[in-house]
Amino acid sequence: MNIGPIIGGRIRTFILLSLLSPVILVSCGKVYQNPKAGVNARVEDLMKRMTLDEKIGQMTQIERGYKDVDSVIRELCLGSVLSGGGSVPTPNTPESWMKMYRSMQESAMSTRLQIPIIYGVDAVHGHNNVLGAVIFPHNIGLGCSRDPELVKKVAELTAMEIRATGLDWTFSPCVAIPQDIRWGRTYEGFGETAELQVMMAAPSVTGYQGEKLGTQYRVLACAKHYIGDGATTGGKDQGIAEISEEQLRKVFLPGYIKAIEAGVGSVMVSYSTWNGVKCHANKFLVTDLLKNELKFEGFVVSDWEGVKQCAPDFKEAIKLSVNAGLDMFMEPYRTPQFVKLLRELVNDGDVTQERIDDAVRRILTVKFKMGLFENPFPVAALADSLGNDYHRKVARRAVRESLVLLKNEKQVLPLSKTTGKVLVAGPRSNDIGSQCGGWTISWQGKSGPTTKGTTILEAVKSVKGETNVLFSEDGSSKEKADYAIVVIGETPYAEGAGDSQTLSLKPEDLKVIDNVKKLKIPYVVILISGRPLILDNIIKESPAVVVCWLPGTEAAGITDVIFGDFDFKGKLSHTWPVSIEQEPINFGDADYTPLFPYGFGLTMR
Ligand code: GLC
């Protein structure tokens with residue numbers, strides 16, 4: 001065998017390598033690209049290499065739906081992309097999400113310094129944008145469980161479902177402390193007390209992030225909305241929180257302190273106003289208190305176009321917000337304009353280089369800690385974890401533990417599994433969309449068969465058998481039933497669209513109950529709701545009343561309890577007012593005469 005060509009080839013390879021070695025050395029020599037180098041060293045090395053434009057790009061977050069988003073990511077060296085509520089790829093499948101994210105990440109990695117993006121999504125009760133994901137109970141229900149371990153598990157499984165679509169950041173937990181249930185976002189908080197915010201903030205963060213950033217199959221969490229979002233007068237969304245600094249520190253801050261102790265990597269600023277200044281422009285809150293006093297080391301992100309609310313002129317608003325200490329800017333549609341104006345502000349000396357560097361240093365530190373530079377692309381390993389049976393089993397347990405029994409006269413509950421025909425009544429009884437509430441598949445959520453799951457009617461049928469279950473939307477029934485389950489409540493809403501000045505039950509729900517009352521059989525009312533509602537005669541006349549909040553896709557957790565396999569555990573996370581005139585009414589108020597107090601909850605046995 002002629003070995004000439006082999007030796008010749010090896011010599012050629014040796015010569016090629018020796019010629020290339022400086023380039024290889026240099027590229028391997030870039031400290032920021034060396035995973036063995038310390039995070040701080042990598043950050044400082046990268047910062048030295050970055051231009052002002054590249055730094056401003058890192059501070060800027062674009063919406064996935066922006067036209068030619070991949071090329072904008074590349075041209076502006078953007079640091080982040082988000083999905084606003086309901087902003088999903090077509091088809092809405094894990095594969096499609098992964099393909100979308102991979103394409104965006106390839107654009108980011110094709111830039112000069114190859115800095116990966118981070119992709120944020122509102123996975124606030126499961127990976128709720130994605131069809132087939134498990135939808136867990138909203139936080140108001142989890143607060144009733146008083147079970148931090150459960151909350152941590154829910155966050156952990158949610159992180160796995162987020163990873164199953166390739167993404168790496170959730171805008172959760174919402175650690176709002178809603179003080180007035182007229183607020184449309186009441187259901188996003190764990191409850192009305194610092195006790196519940198403190199109990200759940202850290203477990204939720206640790207569930208999402210793991211014990212530290214970079215834990216496999218976990219994501220970056222985001223404590224929101226800093227601060228006092230739930231303390232606005234009249235429960236007005238994005239309103240004014242008229243609270244003293246003492247109250248702010250005593251009631252609304254402790255949960256953030258716990259989140260920071262748990263290592264939360266991002267905090268989102270509230271739209272609301274405190275002390276006469278928009279939180280998005282409030283230097284005391286963001287820089288003096290959060291960054292300097294509480295030593296928060298992650299990065300602060302704005303809310304959706306939150307900056308523009310700071311001043312009539314966008315450039316002035318940007319100056320106020322950047323100088324207040326915000327680090328990343330959720331500018332879904334004015335992304336290029338934001339970048340241009342911030343560059344001008346720095347060049348004109350209205351925003352210092354130090355402020356830019358603080359923001360970029362924080363963002364890069366989180367990205368390095370998350371391992372994004374080493375693993376920028378989604379892993380297919382988790383693709384089958386989305387909506388799997390184990391996750392549904394945990395969600396079913398979360399539903400059980402979130403239910404609160406308000407009344408059970410003559411032991412109507414538990415219902416019999418084996419004897420009698422049951423009438424299931426009310427439009428909400430076969431309505432997965434209403435069970436899930438807002439932030440489900442779409443931003444506002446929607447009634448009807450919006451995603452995979454089990455409705456209350458379906459859950460009852462699987463307990464009683466089809467032939468023993470009658471269904472009536474309006475509660476009337478010609479066929480005799482032995483008892484009835486009447487499901488009433490709210491239809492989905494999110495944010496300001498949910499602000500209510502009445503908290504009254506829907507007329508069609510009152511009609512259903514009237515029709516069932518005419519049947520003269522025992523019945524239990526099950527209330528689907530994002531907050532306490534004014535019950536008036538319903539509580540007086542109904543033999544049994546259960547509130548299930550916004551339970552999500554696993555309604556079998558409800559039948560587990562009302563048919564007696566489990567007893568009620570839930571305790572109210574909010575005070576239940578007698579009338580709307582009592583709002584705001586909260587645990588600890590001097591004049592406190594609610595229908596049901598905070599912490600109330602009966603058991604069957
Ligand atoms: C919304 C909400 C915030 C959410 C963000 C991104 O307006 O206030 O909770 O994370 O925009 O969807």
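Kindly put Tyr66, Tyr217, Tyr119 in sequence by how many other C-beta atoms sit within 10 Å of each C-beta, fewest to most.
Details: Tyr66 18, Tyr217 15, Tyr119 25.
Neighbour counts put them in this order, fewest first: Tyr217, Tyr66, Tyr119.
I need the trypsin sites (Lys or Arg not before Pro) found in segment 88-179, filtered to DSSP loop residues with at most 16 other beta carbons within 10 Å of theirs.
For trypsin sites (Lys or Arg not before Pro) across segment 88-179 that sit outside H, G, I, E and B with at most 16 neighbouring Cβ atoms in 10 Å, the list reads Arg112.
Please report Glu583, Glu490, Glu473 as a ranked list, fewest other C-beta atoms within 10 angstrom at the top and most at the bottom.
Glu473, Glu583, Glu490
Out of all DSSP beta bridges with both ends in the chain, state the antiparallel percent to the nearest 5.
The answer is about 20 percent antiparallel.
Trypsin sites (Lys or Arg not before Pro), restricted to segment 289-342: which are DSSP loop and have at most 13 other Cβ atoms within 10 Å?
Lys295
Looking at segment 486-571, which trypsin sites (Lys or Arg not before Pro) are in a loop (DSSP not H, G, I, E or B) and have at most 13 other Cβ atoms within 10 Å? Write down the numbers at each step before the final one.
Numbers: sites: Lys511, Lys517, Lys518, Lys520, Lys540, Lys569, Lys571; in loops: Lys520, Lys569, Lys571.
When the trypsin sites (Lys or Arg not before Pro) of segment 486-571 are filtered for loop state and at most 13 Cβ neighbours within 10 Å, Lys520 remain.
Would you list Val130, Val124, Val198 from fewest to most Cβ contacts within 10 Å?
By the 10 Å Cβ count, ascending: Val198, Val124, Val130.
Roughly how many nanometres apart are two label points built 7 Å out from the Cα toward the Cβ at Glu44 and Ile580?
About 6.0 nm, to one decimal.
Between segment 69-96 and segment 398-446, what is the C-alpha centre distance in whole Å?
One Cα centre to the other: 36 Å.
Treating only the Cβ atoms of Lys and Arg (+1) and Asp and Glu (-1) as charged, compute the dipole magnitude of the chain about its Cα centre; round to the nearest 20 debye. It would help to have the intermediate numbers written out before the result.
Details: 68 positive and 70 negative charges, 328 e Å.
So the magnitude is around 1580 debye.
Round to a whole angstrom and tell me the spacing of the C-alpha centers of segment 272-337 and segment 200-226.
The two parts, judged by their Cα centres, are 22 Å apart.
Can you give me the long-range amide H partners of Asp168? Hydrogens built in the peptide plane at 1.01 Å from N, cutoff under 5 Å, separation of 5 or more residues or another chain.
Distant-sequence amide H within range of Asp168: Tyr119.
Quick note: the coordinates plus some simple rules give every number you see, no bench work behind them. Quantities reported herein were computed from a predicted structural model and do not represent experimental measurements. Cβ coordinates were reconstructed from backbone atoms using ideal geometry, including for glycine residues, and neighbour counts include every protein chain displayed.
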